Amino acid sequence: MNVNATIEKMQKLRLNGMKRAYESSLETKAIDSFTNDEFIAWLVEAEDNQRNNDKTQRLIKNARFHYQASLQEVKFTAERNLDKNTFIRLSDCSFIDRNQNIIITGCTGTGKSYLATALGFQSCVAGYKVKYYNLGKLLHRLAMTKADGSYLKELLKLSATDVLILDDFGLQPITGDKQLILMDIIEDRNHHKTTIFCSQLPVKAWHDLFSEKTIADAFLDRIIHSAIRFELEGESLRKIIKK
């Protein structure tokens, strides 16, 4: 058996996980403890694990999160008004299969973005496509695409995203064409995909963000009723950390 030739072929075929496992088995003599069938199964499992890990890393990179976040690091305290059982149940990502939206509201520093990011990371691990945007910047960028003819193409990309995280919802009034752009985004995703909203404003104040009240009615009708909602309370986590 030409070991070097085998390793080169694995590399050529991009069987990186299998290659690393094979090289490791040669160094540790682990190959001697396997039957032929067991060794093949072990190599295949190593390759499968590597590909799953690579896919997860691609999904995380493409999501464009601002930082890493983990469900395991979320702090549940009575002051935060964050129910542990309700939130942890989201870790199986079944809310994505049900096309449920999530709304996270609370004052500055209460951890809205962190919770959304943690859910986004968990969704990537589960194999779902995620995108993270500041809503104001997204609406501005989409408005610009109308000039170069790529608007519909960009909407199609958003509609194909399993989990769309819209941070800083309500930081600015939603007026003019931006109302229609937001409605286009939501209309394409309604009952088909999951959208996560993070806002400093309580939901009852969202209607006033829109200059056109009929659009506000249509938007809220599509978002609110079946959404999972978290209304965070308490002191800013940033202030607590500084203490």
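The values are calculated or read from the model by the stated rules, or taken from the named source; none is laboratory data. All values reported here derive from a predicted model rather than from experimental measurement. Ideal geometry is used to build each Cβ from the backbone, glycine not excepted, and the neighbour counts take in all protein chains shown.
So here's what we get for this one:
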{"item": "Residues of region 141-171 satisfying the condition of being within 23 Å of Gly120 (Cβ to Cβ) and polar (S, T, N, Q)", "result": "Ser159, Thr161"}
{"item": "Filtered residues of region 51-92 (kept if among the charged types (D, E, K, R), farther than 21 Å from Tyr132 by Cβ and outside the structural domain of Gly127 (by TED's automatic domain parsing))", "result": "Arg51"}
{"item": "Residue identified as of a type in the set (S, T, N, Q), surrounded by fewer than 18 Cβ atoms within 10 Å (Cβ to Cβ), in the same structural domain as Leu90 (by TED's automatic domain parsing) and over 20 Å from Ala143 (Cβ atoms) among Thr194, Thr214, Thr175", "result": "Thr214"}
{"item": "Unique residue being in a helix (DSSP H, G or I), crowded, with 21+ Cβ neighbours inside 10 Å and not hydrophobic (A, V, I, L, M, F, W, C) when the list is Thr117, Thr110, Thr145", "result": "Thr117"}
{"item": "Restricting region 4-22 to residues that are more than 13 Å from Glu47 (Cβ to Cβ) and not aliphatic (A, V, I, L, M), the residue that is farthest from the chain's Cα centre (by Cα)", "result": "Asn4"}
